[in-house]
Amino acid sequence: MSHGRDTSPKPYGVVADFATPEELIAAAKAARAEGYSSMEGYSPMPVHGLTDAIGAKDDVRLSWAVGAAGAFGAAAGIGMQLWVSQTAYAHNVGGKPFASFPMFVPVTFECMILFAALTAAGAMIAFNGLPKPHHPVLNAEAMGRATSDRFVLCIEAADPSYSEDKVVAFFKSQNALSVEAIMTSEGY
């Protein structure tokens, strides 16, 4: 009887490496044409067109979160200054009005930037599922050269069309330099 979580190895996906960025993009486009949708590309440099080839969608959650936090920060800055100048420390200095909005601009701007920046950092970490001290794709031998001179494509087992044998055959038909199935027991 087991009282812990299941740590038996599960398939994570199949990794193939290619010699050039053009081969990587061609393989990603062919994979999309075959019906694969859950894949990721790795390269030692930016490869223009790879995000389109793998079908990556723009995630607008971060921009909405940062925009909302910036608006909230600006409102909080104005609210704090209004409370301070009209209620907490209401002093008439030189006949100036209690709510002098031109003098509120710097603090409002700084509060907006503070809230937006902190939200951007926290939301980026949360939306990317960090921290990930070890990712299963790093178990693949091809990943050892993905930061120097190889271009790697991984079709993940989470893909509805995934069949390890079919993915291996597909990568071999794309003239991959190496093809390797990777496993995980970490719940990815």
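Please treat every number below as a calculation from the coordinates, not as lab data. Note that the coordinates shown come from a computational prediction; the quantities given were computed from them, not determined experimentally. Heads up, the Cβs are rebuilt from the backbone with ideal geometry, glycines too, and the neighbour counts pull from every protein chain shown.
Side notes on the structure shown:
- GluC sites (Glu not before Pro) restricted to the range 156-188 and DSSP loop, no more than 16 other C-beta within 10 Å: Glu186
- Percentage relative contact order, the range 79-188, counting C-alpha pairs under 8 Å, at least six apart: 18
- Look at the Cα gyration tensor of the range 127-188: its axes a ≥ b ≥ c give a/c of at least 1.5 with a/b at or below b/c, and that counts as oblate.
- Compared with the dominant principal axis of the Cα atoms in the chain, helix 61-83 is inclined by about 10°.
- Evaluating 6.51 cos²θ - 1.76 cosθ + 1.60 at θ = phi - 60° for every residue in the range 27-33, the Karplus couplings come out as 5, 5, 5, 5, 5, 4, 5 Hz, glycine and proline recorded as x.
- With one equal scatterer per alpha carbon and no solvent term, the Debye-computed log10 I(q)/I(0) for the chain at 0.08, 0.13, 0.16, 0.17 1/Å reads -0.46, -0.78, -1.00, -1.08.
- Using alpha-carbon coordinates, inclination of helix 101-127 to the longest axis of the chain, degrees: 20
- Residue order, fewest to most surrounding Cβ atoms within 10 angstrom, among Ile113, Ile25: Ile113, Ile25
- Beyond 24 Å in Cα-Cα separation lie the following of the pairs Lys29/Lys57; Lys10/Lys166; Lys132/Lys172; Lys57/Lys172: Lys132/Lys172; Lys57/Lys172.
- Sequence-distant residues sharing a close amide H with Lys10 (under 5 Å, placed H): Thr184, Ser185
- Likely footprinting exposure, Phe109, Phe171, Phe151, fewest C-beta neighbours within 10 Å first: Phe109, Phe171, Phe151
- Counting only trypsin sites (Lys or Arg not before Pro) that DSSP places in a loop and that have at most 11 other Cβ atoms within 10 Å, the longest clean stretch of the chain runs over 58-188.
- 19 Å tail of the calculated P(r), the range 61-127, as % of Cα pairs: 42
- Selection of chymotrypsin sites (Phe, Trp or Tyr not before Pro), the range 40-99, meeting DSSP coil and at most 15 other Cβ within 10 Å: Tyr89, Phe98
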